[in-house]
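Enquirer: Sharing a structure below in structure tokens format, with a few things to ask.
Every read-out reported here was derived from the displayed coordinates using simple, explicitly stated rules and does not represent laboratory data. Worth saying up front: this structure is predicted, and the values here are computed from it rather than measured. Cβ placement follows ideal geometry from the backbone for every residue including glycine, while neighbour counts extend to all protein chains displayed.
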Amino acid sequence: MPAMPKALLSASGLVLAVIGAVSLFAPVAFHAVNGIDAAGDPSLLSELRAAGGALLAIGSVVLLGAFVPRLTPTAAALGALLHLSYGLSRLLGMAVDGMPSAGLVTAAAVELLLGLGCAGVLVRLRRTGAAGAVPGGSVGGVR
């Protein structure tokens with residue numbers, strides 16, 4: 001894989017995995033940075049930890065996709081889907097609820113950029129025929 005897609009998937013996976021791990025294991029401190037007080041609310045903490053676990057798991061797959069060629073298309077698709085869904089959902093929230101903290105606005109921008117980058121990797125893979133590659137040299141399961 002060329003260096004740019006590998007770097008993009010690595011960055012995307014690391015961002016997801018680190019944010020997920022911190023949200024899973026230290027949700028109160030992590031969310032307090034953006035003015036969110038989750039302390040003492042077990043239901044909110046449960047929601048934050050659940051999302052953190054999902055981000056950690058998906059981030060791990062995206063990161064692996066940078067180094068394991070058969071996972072690359074899946075990693076690019078997951079990275080695009082997750083980052084774009086978070087970024088676009090934040091934009092909707094800004095339109096409906098008003099502006100959040102500066103950190104969350106920055107998060108939206110980063111999510112949209114990473115999501116578009118992952119989508120670009122996926123498009124490039126599809127154009128070169130690598131997106132459907134399977135072990136044994138076939139593409140899309142057809143020899």
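Enquirer: Taking the C-alpha atoms of region 1-57, how large are the radius of gyration and the largest Cα-Cα span, Dmax, in Å?
Expert: Rg then Dmax for region 1-57, in Å: 13.8, 47.
Enquirer: Evaluate Rg over Rh across the chain, taking Cα atoms for both radii and Kirkwood's formula for Rh.
Expert: Value, to two decimals: 1.06.
Enquirer: Turning to a different aspect of this structure: Note down the magnitude of the dipole of the chain about its Cα centre, charges +1 on Lys and Arg C-beta and -1 on Asp and Glu C-beta and zero elsewhere, to the nearest 20 debye.
Expert: That gives a dipole near 860 debye.
Enquirer: First measure r as the distance between the Cβ atoms of ALA50 and ARG126, then evaluate 1/(1 + (r/R0)^6) with R0 = 35 Å and state the FRET efficiency to the nearest 0.05.
Expert: 0.60
Enquirer: Sorted by average packing, counted as other Cβ atoms within 10 angstrom per residue and highest first, what order do 3-16, 89-102 take?
Expert: Going from most to least packed, we get 3-16, 89-102.
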